[in-house]
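The values are calculated or read from the model by the stated rules, or taken from the named source; none is laboratory data. As the structure is a prediction and not an experimental result, all values here were calculated from the model. Cβ placement follows ideal geometry from the backbone for every residue including glycine, while neighbour counts extend to all protein chains displayed.
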């Protein structure tokens, strides 16, 4: 309403035509100043309202009817802000670049279009003229906004009721306003993007399952996530800026420092240690991190995981393995004891029988010196034999668990011979040894290898339980399979295994025996593999039984 | 007591020698063999004997040998020796007629006692077998007609009814009956019934 007054006071080219740009009352200058200050300091979310408000003030000041801000990004003209006075004819075009194709072209080429009346439009702008007329527009100005050397949009003002002039000074000011709007919008968009990035980073950090950390070059904690506060029990104030060493035990700190040094040097680092909580608990902790340079400064950034569950699981597995090994050992010892009992029985029986027979004969006086001597010689040799068994037993149990010694495989097989023969006898099995001459030595643990061989012989013997006598033959053979491997085979004449049985025979706890644990073969395989060899089974031809094979690298190859 | 041979079968040479020495000290005749196969390859003749047999031997074990001998009707009195007291095996052996099942190392008197019992059982069984064989020999002398008469007579039928059954005269039956009594060397009807029973004739209803 003020504008009308202005118009009356300050007439321009035409009577009643208001042109504040030419006025000297400075209200347009005031508006420009307000806008430039207001748009700069405003938060992004309030920007749209501020621009519309600015448009309203300009429309009012110029005494026109419509003001719009256009954006030409993506090769398309879009109305981003609009203001229409008097509430009428506020319907905005949906596709300005189609309805106003000629004008759009002018905007794109950076040209200002001033229309005091529609008749000034050239013939090729017939469509634009029609569209303008439909909107009731009689006079308009369209000022492209050029930022950083390119057209980014435009501001346009239009008069509905009447025709008017758009002098140069006004156009210059409108272009300036256009640049102010565009600059503010660009800054708002950048701010929005930045805020989105910041929120995204925050969300990522908080979504981490572990404890986030960001340390500066001095090792002070700059950023962290809620997980860290929750696990450690410290508040933000107790964490911010504190040196990492305050949260670990003294003996761990040296290790952490080493990992950090590595990270600073090589870009990444890993460390496993314990983290101390505020209430004094020690939590197993695995930290991985990398060096990140942000705006010229380097930081150590990464995540630490509470690995208690993992540690517990690891401990459990280790304990189970130990238990399994113990069970296997106890059962092996039990079997060994039975084998020894059987072996010692023979000479003890002979000694006892000979002694009693000799006493009986002496009592009757019917024994010659030669006979007496012969009986005593038998007793002596059986006592020697019993002693020999004890000696071999000591060999078998000789300490040196895990120790790799130079061994003769044939010698190991011969040493277990008496014990395995006891097993074979138990099942009426004939044990045949077919040992290669001049076999190279291997490196290994004597006791473990003996266990494997005994186990294979026992399995083979038991497999033939149900077979007719002629087939109960177990052949233990050694060969030099290749220049690098000695191969031991144990061939039985047991029943043919089904595909399923054959496939499952190496699985732990799979057994076909009523009293078996089912760990012999899988244990044997681990022992052989630990020696750098392989343990496998093949089915014999002719429908009978299986052959167990294992290889051991010869001493030179193993080294 | 020196009556009979003890066959010792054990794959352990030393145990074999010791057993031989002990058994000979008791005045027994001993034949020691290293395997059941050797025993089967050269089976001893039918003289008085018993077996001392190791259970666990390569190839044919003690229990296998026992079963094989039974299968061919040559049951023997057997004392088993075992290195470890396997109860199921012992039960199995005893059920199959073993005299004893001893765990090594055993006490000499215990073994000798078992061997004596084995020989005694062998003697008793042998005597029974011989008696049976003798009666059988007499029975073999009877004609088919005389066997028919014997089968009816031992059921207690009087001569008249036997004659009716066989479709002949009482007089003829009397003659047959006299011949049967003579050939079987029976002193009385009761004696004849017992003899017939030994060879498996229990009076038939013809």
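If you go through segment A:453-471, how many residues are touching a helix residue (DSSP H, G or I) at 6+ places or on another chain (Cβ under 9 Å) and more than 18 Å from residue A:541 (Cβ to Cβ)?
10
Give segment B:148-175 a look and list any residue that's touching a residue at least 24 places away in the same chain (Cβ under 8 Å) and closer than 15 Å to residue B:201 by Cβ, or say none.
Scanning segment B:148-175 gives B:148, B:149, B:150, B:151, B:152, B:153, B:154, B:155, B:156.
Looking only at segment B:90-111, filter to residues that are free of Cβ contacts under 8 Å to residues at least 12 places away in the same chain and part of a helix (DSSP H, G or I); which one of those is nearest to the other protein chains (Cβ to nearest Cβ)?
Checking each candidate, the answer is B:109.
How about segment A:151-245: which helices (runs of 4 or more DSSP H) wholly inside it have at least 2 residues that are in the same structural domain as residue A:55 (by TED's automatic domain parsing) and more than 30 Å from residue A:263 (Cβ to Cβ)?
A:168-207
Matching residues to (1) at pLDDT below 90; (2) facing chain B (nearest Cβ under 7 Å); (3) surrounded by 13 or more Cβ atoms within 10 Å (Cβ to Cβ):
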{"site": "A:337", "(1), (2), (3)": "yes, no, no"}
{"site": "A:342", "(1), (2), (3)": "yes, yes, yes"}
{"site": "A:345", "(1), (2), (3)": "yes, yes, yes"}
{"site": "A:348", "(1), (2), (3)": "no, yes, yes"}
{"site": "A:354", "(1), (2), (3)": "no, yes, yes"}
{"site": "A:365", "(1), (2), (3)": "yes, no, no"}
{"site": "A:373", "(1), (2), (3)": "no, no, no"}
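When you scan segment A:46-114 for helices (runs of 4 or more DSSP H) that lie fully inside it, which ones turn up with 3 or more residues that are closer than 25 Å to residue A:29 by Cβ?
Once the helices (runs of 4 or more DSSP H) in segment A:46-114 are filtered for at least 3 residues that are closer than 25 Å to residue A:29 by Cβ, what remains is A:47-62.
Taking residue A:493, is it modelled with pLDDT of 80 or more, over 19 Å from residue A:452 (Cβ atoms) and assigned by TED's automatic domain parsing to the domain that holds residue A:465?
yes
Can you pull out the residues in segment B:36-70 that are at pLDDT below 85, within 14 Å of chain A (Cβ to nearest Cβ) and either closer than 18 Å to residue B:121 by Cα or under 14 Å from the mean Cα position of the chain (by Cα) (or both)?
Once the filter is applied, which keeps residues that are at pLDDT below 85, within 14 Å of chain A (Cβ to nearest Cβ) and either closer than 18 Å to residue B:121 by Cα or under 14 Å from the mean Cα position of the chain (by Cα) (or both), segment B:36-70 yields nothing.
For segment A:275-286, does any single residue satisfy the condition of being part of a helix (DSSP H, G or I) and surrounded by 16 or more Cβ atoms within 10 Å (Cβ to Cβ)?
Among the residues of segment A:275-286, not one is part of a helix (DSSP H, G or I) and surrounded by 16 or more Cβ atoms within 10 Å (Cβ to Cβ), which makes the answer no.
Out of all the residues in segment B:112-128, is one or more outside any helix (DSSP H, G or I) and over 25 Å from residue A:351 (Cβ atoms)?
no
Can you work out which of the residues in segment B:7-33 that are under 18 Å from residue B:62 (Cα atoms) and more than 13 Å from chain A (Cβ to nearest Cβ) is surrounded by the fewest Cβ atoms within 10 Å (Cβ to Cβ)?
B:31
If you go through segment A:196-215 one residue at a time, do you hit one that is modelled with pLDDT under 90 and in contact with a helix residue (DSSP H, G or I) (Cβ under 6 Å, 6 or more places away or on another chain)?
Looking for residues that are modelled with pLDDT under 90 and in contact with a helix residue (DSSP H, G or I) (Cβ under 6 Å, 6 or more places away or on another chain), one finds none in segment A:196-215, hence no.
For residues in segment A:375-392 being touching a residue at least 12 places away in the same chain (Cβ under 8 Å) and at the interface with chain B (Cβ under 9 Å from one of its Cβ atoms), which is nearest to residue B:27 (Cα to Cα)?
Of everything passing the filter in segment A:375-392, A:375 is nearest to residue B:27 (Cα to Cα).
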